[in-house]
Amino acid sequence: MFAVVEIAGFQYRVQPSDTLTVPKMDAEVGSSISLTNILAAGEGSNVRIGAPTLSGSVAATVLSHGRAEKVVIFHKKRRKGYRKRNGHRQHFTQIQIGAIAVA
């Protein structure tokens, strides 16, 4: 069984025991969360699509929080001596998908 869920504006196709890296969530490590924005769900050729969502929930467990690799932003104007370097590290949360219950 799979489900397409919306988490923080992004859509993820999930199955039980999948591990996902999603934008940072306000939940403690080891806590259980419930994802209720289910856009589609199915098994094999039997697929149900929500209008806009399906009723049900996807259980997930928070594994860890962290920061992604640094993305370097570099600006330069040729022949002017202008150079500017900046960087950014995005915060993320790793979750593990448990049971998928769609009514």
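Do you know which of the residues in segment 29-59 that are part of a loop (DSSP other than H, G, I, E, B), in contact with a strand residue (DSSP E or B) (Cβ under 7 Å, 6 or more places away or on another chain) and touching a residue at least 24 places away in the same chain (Cβ under 8 Å) is surrounded by the most Cβ atoms within 10 Å (Cβ to Cβ)?
N37
Test K76 against the stated conditions and say whether it is in contact with a strand residue (DSSP E or B) (Cβ under 8 Å, 6 or more places away or on another chain), in contact (Cβ under 8 Å) with a residue 60 or more places away in the chain and of a type in the set (D, E, K, R).
no
Which residues, taken from segment 15-28, are outside any loop (DSSP other than H, G, I, E, B) and either touching a Ser or Thr at 6+ places or on another chain (Cβ under 8 Å) or surrounded by 13 or more Cβ atoms within 10 Å (Cβ to Cβ) (or both)?
Correct list: L20, T21, V22, P23.
Take the conditions under 24 Å from A103 (Cβ atoms), among the aliphatic types (A, V, I, L, M) and under 13 Å from the mean Cα position of the chain (by Cα) and apply them to V4. Does it pass?
yes
Consider segment 60-69. How many of its residues are surrounded by 10 or more Cβ atoms within 10 Å (Cβ to Cβ) and part of a loop (DSSP other than H, G, I, E, B)?
Residues that pass the stated criteria total 1.
Please state which of the following conditions R67 fails to meet, knowing it meets all the rest: (1) in contact (Cβ under 8 Å) with a residue 24 or more places away in the chain; (2) of a type outside the set (D, E); (3) closer than 25 Å to T36 by Cβ.
Failed condition: (3).
Only one of K80, K76 is of a type in the set (D, E, K, R) and assigned to a strand (DSSP E or B). Can you tell me which?
K76 is the lone residue from the list that is of a type in the set (D, E, K, R) and assigned to a strand (DSSP E or B).
When you go through (1) modelled with pLDDT of 95 or more; (2) surrounded by fewer than 12 Cβ atoms within 10 Å (Cβ to Cβ); (3) of a type outside the set (K, R) one by one for Y12, which number turns out not to apply?
Here Y12 clears every test but (2).
The values are calculated or read from the model by the stated rules, or taken from the named source; none is laboratory data. Source: prediction; values computed, not measured. As a convention, Cβ positions derive from the backbone with ideal geometry for all residues, glycine included, and neighbour counts pool all protein chains shown.
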